[in-house]
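To keep things clear, I will list the structure first and then write my remarks on it.
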Amino acid sequence: MFEALSGKLNGVFDRLRRRGALSEADVTEALREVRVALLEADVALPVVRDLIAKVRERAVGVEVLKSVSPAQQVIKIVHDALVEALGGGAADAGQRGIDLAAAAPVAILMVGLQGSGKTTTSGKIALRLKGREKKKVLLASLDVHRPAAQLQLETLAKQVGVASLPIVAGQTPLQIAARAMDQARRELFDVVVLDTAGRLAIDETLMDEVAAVKLATQPHETLLVVDAMTGQDAVNTARAFQDKVGVTGIVMTRIDGDARGGAALSMRAVTGAPIKLLGAGEKLDALEDFHPDRIAGRILG
Ligand code: GDP
């Protein structure tokens, strides 16, 4: 595992030819390679710095074991720090997956930039809740900016076999949200998934609109959907949504691509919100639970 990084670290330690405890100089040299590996995996610079500082603290003075190479020891320390930073601690385990522990109808607000996979993920979540949890789910698109958006969600709802809110032309997102909650209450739905409009980039109007919908619907979950391929931009997106709207969890999509997943680490660090689910393809069943150790492994390459 982690061939590229272990190769480099082996090189470092061979050059240093140290025995005994890892010295400050050993660790500094090794962490230079770790830093490059993390940056190559798209982890944001401030997040890399914090992580490196933590690893340095833990690694200096560690006795070099006979059974494992110093490189493997450093990698283990980095890996464990990554898992921790991704929310892999026992205390975080309960935060994964969607939390439905609230009075029905439970509203789930989907937020994120256009093209991040919000609508697809709404459909995937509906399928999962219907299948695994036997929930009665209503899908509603609040996207009045893109004419095809509401139809797209309606089509997805049909594919999944759940209800979608009838489309009424000329309504504002707030009016649609109110209608969705109303219908959900009257028809005893367990869950309402509200898919909001996205923009290509963060803008105030979008944030205000989403914040207003959140205030009006009081969702139990506000899930930020972010494309794993966005790398460094993911940090800015996540920060903006956390500051302006407030999110309870993150769904990272396109994990089926070749992105290394550093965005997950950055978003988690910046927002403090847990990564709850991963999108792993265009198909509706391509929704995975989040396993911090798998993403840590992927980041290390
Ligand atoms: P939205 O604008 O945020 O609602 O994004 P969409 O849900 O319309 O998704 C945009 C495109 O990304 C569509 O072509 C989806 O099929 C695709 N997509 C969504 N999630 C994933 C994923 O996890 N993996 C891959 N490969 N494609 C995805």
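The values are calculated or read from the model by the stated rules, or taken from the named source; none is laboratory data. Since the model is a prediction, treat every value here as computed from it, not as a measurement. Virtual Cβ from ideal backbone geometry, glycine too; neighbours counted across all protein chains shown.
To keep it simple, each residue is scored yes or no on (1) surrounded by fewer than 16 Cβ atoms within 10 Å (Cβ to Cβ); (2) within 30 Å of VAL48 (Cβ to Cβ).
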position	(1), (2)
ILE77	no, yes
ALA102	yes, no
GLN114	no, yes
THR119	no, no
ARG132	yes, no
ASP143	no, no
Condition met for MET267 (within 11 Å of the ligand (Cβ to nearest atom) and among the aliphatic types (A, V, I, L, M)): no
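Anything in the stretch 121-130 that is in contact with a helix residue (DSSP H, G or I) (Cβ under 8 Å, 6 or more places away or on another chain), buried (at least 23 other Cβ atoms within 10 Å of the Cβ) and under 15 Å from GLU282 (Cβ atoms)? List them, or say none.
Within the stretch 121-130, SER122, GLY123 meet the criteria.
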Hits in the stretch 119-173 - residues which are within 11 Å of the ligand (Cβ to nearest atom) and of a type in the set (A, V, I, L, M): ALA148, ALA149, LEU153, LEU156
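Let's see how each residue does on (1) in a strand (DSSP E or B); (2) among the basic types (Lys, Arg); (3) at pLDDT below 95:
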{"residue": "GLY94", "(1), (2), (3)": "no, no, yes"}
{"residue": "ALA101", "(1), (2), (3)": "no, no, yes"}
{"residue": "MET110", "(1), (2), (3)": "yes, no, no"}
{"residue": "THR119", "(1), (2), (3)": "no, no, no"}
{"residue": "LEU127", "(1), (2), (3)": "no, no, no"}
Criterion (assigned to a loop (DSSP other than H, G, I, E, B), aliphatic (A, V, I, L, M) and modelled with pLDDT under 95) met by exactly one of ALA264, ALA273: ALA273
In the stretch 45-77, residue farthest from GLY7 (Cα to Cα) [restricted to those that are polar (S, T, N, Q) and part of a helix (DSSP H, G or I)]: GLN73
Test: residue in the stretch 225-233 that is closer than 25 Å to GLU282 by Cα and away from the ligand (no atom under 16 Å from the Cβ): yes
Pairs where the first residue, in the stretch 122-146, is over 17 Å from LEU109 (Cβ atoms) and the second is outside any loop (DSSP other than H, G, I, E, B) and more than 14 Å from the ligand (Cβ to nearest atom), C-beta under 7 Å, 6+ apart: LYS130/VAL137
Every pair of residues 6+ apart whose Cβ atoms lie under 9 Å, when the first sits in the stretch 164-176 and is surrounded by 15 or more Cβ atoms within 10 Å (Cβ to Cβ) while the second is in a helix (DSSP H, G or I) and of a type in the set (Asp, Glu): SER164/GLU154; LEU165/GLU154; PRO173/GLU209; LEU174/GLU209
